[in-house]
Amino acid sequence: MSSYLNLEAIASAKISTEPYRFFQGEGFLRSDQIDAIERDYPKLKNAGFLTLQEIQPEGAFAGFMDELQGPELSAAVSEALQFDLTKRPKLITIMRVCPKRAGRVHTDGKAKLATMLTYFNRTWPAGHDGAIRVVRREDDVNDYVVEVPPLMGNVFGFLRSDSSWHGHLPYEGERRVVQLTWLESEEAVERKKRNNALAQALKSLGLRKSAA
């Protein structure tokens, strides 16, 4: 039995197939562990997603990370998405601060097979801003099927396709979210890690130049 994850939230999640296969659920985090996970959520200063290798997870958050990478979750998501992810390599990225440029509508690159987002925000006073949407087309974020508030324990997962458009209205500020992605190969995982590390290094360099 999981200590941090409520896998029943995936089993009972609402599943849709239009315009692509996705699920949305609530209560993915066990209620008796929420305070501890929130306490140990990484105090990231850099905006955007960082890979798990770029941070040092501790305490309850580290336990959550371990379970997130376990075979039970991959099996549950495979069942929800009707696609076998159990032997596919994974990449975890973590965000605390959302940059305003984030959220543009996109489908994800073909190296990605499926993605699941877990949210960690107690409240969301920003309303529609920053709330992920299942979008029908690339050029209109307001033509959407579903909007998922980034509230504590909410999950959103989808199978990548040429029509898996998703995004959100611009938002800048604290927006805690963990992204778990299944990729087609270990090579693709390592490439994503390298690209992310390079992007963070360039951003840090830009900040230093601005402060000079």
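The values are calculated or read from the model by the stated rules, or taken from the named source; none is laboratory data. Everything numeric here is computed off the predicted structure, so don't read it as measured data. Positions of Cβ are generated from backbone atoms using ideal geometry, with glycine treated the same way; all protein chains shown enter the neighbour counts.
Going by the conditions given, is S74 over 18 Å from the mean Cα position of the chain (by Cα) and among the polar types (S, T, N, Q)? Break it down stepwise before answering.
Numbers: over 18 Å from the mean Cα position of the chain (by Cα): no; among the polar types (S, T, N, Q): yes.
Here the answer is no, as S74 does not meet what is asked.
What is the one condition in (1) within 21 Å of W182 (Cβ to Cβ); (2) free of Cβ contacts under 8 Å to residues at least 60 places away in the same chain that L117 does not satisfy?
So L117 meets the others, but not (2).
Any residue in the range 2-30 that is within 14 Å of L159 (Cα to Cα) and in contact (Cβ under 8 Å) with a residue 60 or more places away in the chain sitting within a Cβ distance under 6 Å of a residue that is of a type in the set (K, R) and in a loop (DSSP other than H, G, I, E, B)? List the pairs, counting only those 6 or more apart or interchain.
If the second residue must be of a type in the set (K, R) and in a loop (DSSP other than H, G, I, E, B), the pairs left are P19/R136.
Please enumerate the residues belonging to the range 1-12 that are hydrophobic (A, V, I, L, M, F, W, C) and assigned to a loop (DSSP other than H, G, I, E, B). Can you show your working first?
As a first pass, look at the range 1-12 and keep what is hydrophobic (A, V, I, L, M, F, W, C): 1, 5, 7, 9-11.
Scanning the range 1-12 gives M1, L7.
Output the number of the condition that V145 fails; it satisfies all remaining conditions of (1) among the hydrophobic types (A, V, I, L, M, F, W, C); (2) buried (at least 19 other Cβ atoms within 10 Å of the Cβ); (3) closer than 18 Å to R21 by Cβ.
Only one criterion in (1) among the hydrophobic types (A, V, I, L, M, F, W, C); (2) buried (at least 19 other Cβ atoms within 10 Å of the Cβ); (3) closer than 18 Å to R21 by Cβ is unmet by V145, namely (2).
Taking only the range 56-70 into account, find how many residues are modelled with pLDDT under 95 and crowded, with 19+ Cβ neighbours inside 10 Å.
Residues in the range 56-70 being modelled with pLDDT under 95 and crowded, with 19+ Cβ neighbours inside 10 Å: 0 in total.
Condition check: assigned to a strand (DSSP E or B) and at pLDDT 95 or above. Does L73 satisfy that?
On the way: assigned to a strand (DSSP E or B): no; at pLDDT 95 or above: yes.
Answer is no for this residue.
Filter the range 120-142 down to residues that are in contact (Cβ under 8 Å) with a residue 60 or more places away in the chain and not β-branched (V, I, T) and give me whichever is surrounded by the most Cβ atoms within 10 Å (Cβ to Cβ).
By that ranking, first place goes to F120.
Which of the residues belonging to the range 87-105 are of a type in the set (A, V, I, L, M) and within 16 Å of M116 (Cα to Cα)? Don't jump to the end; show me each part of the working.
Of the residues in the range 87-105, the ones of a type in the set (A, V, I, L, M) are 91-92, 94-95, 97, 102, 105.
Residues satisfying the conditions are L91, I92, I94, M95.
Take the conditions modelled with pLDDT of 95 or more, part of a strand (DSSP E or B) and surrounded by fewer than 16 Cβ atoms within 10 Å (Cβ to Cβ) and apply them to V178. Does it pass? Working first, answer last.
Working: modelled with pLDDT of 95 or more: yes; part of a strand (DSSP E or B): yes; surrounded by fewer than 16 Cβ atoms within 10 Å (Cβ to Cβ): no.
In short, no.
Of the residues V155, V97, V105, only one is of a type in the set (A, V, I, L, M) and either buried (at least 20 other Cβ atoms within 10 Å of the Cβ) or under 25 Å from E79 (Cβ atoms) (or both); which? Step through it out loud before you land on a result.
Details: V97 fails: either buried (at least 20 other Cβ atoms within 10 Å of the Cβ) or under 25 Å from E79 (Cβ atoms) (or both); V105 fails: either buried (at least 20 other Cβ atoms within 10 Å of the Cβ) or under 25 Å from E79 (Cβ atoms) (or both).
The match here is V155.
Which ones in the range 147-156 are farther than 14 Å from D129 by Cα and assigned to a strand (DSSP E or B)? It would help to see each step written out before you state the result.
Residues of the range 147-156 farther than 14 Å from D129 by Cα: 152-156.
Once the filter is applied, which keeps residues that are farther than 14 Å from D129 by Cα and assigned to a strand (DSSP E or B), the range 147-156 yields V155, F156.
Across the range 13-49, what is the number of residues that are aliphatic (A, V, I, L, M), at pLDDT 95 or above and either under 15 Å from the mean Cα position of the chain (by Cα) or assigned to a helix (DSSP H, G or I) (or both)? Steps first, answer last, please.
At the first step, the residues of the range 13-49 found to be aliphatic (A, V, I, L, M) are 13, 15, 29, 34, 36-37, 44, 47.
Filter once more, so that each one left must be at pLDDT 95 or above: 13, 15, 29, 34, 36-37.
Within this subset, residues satisfying the condition of being either under 15 Å from the mean Cα position of the chain (by Cα) or assigned to a helix (DSSP H, G or I) (or both) are 29, 34, 36-37.
Total meeting the criteria: 4.
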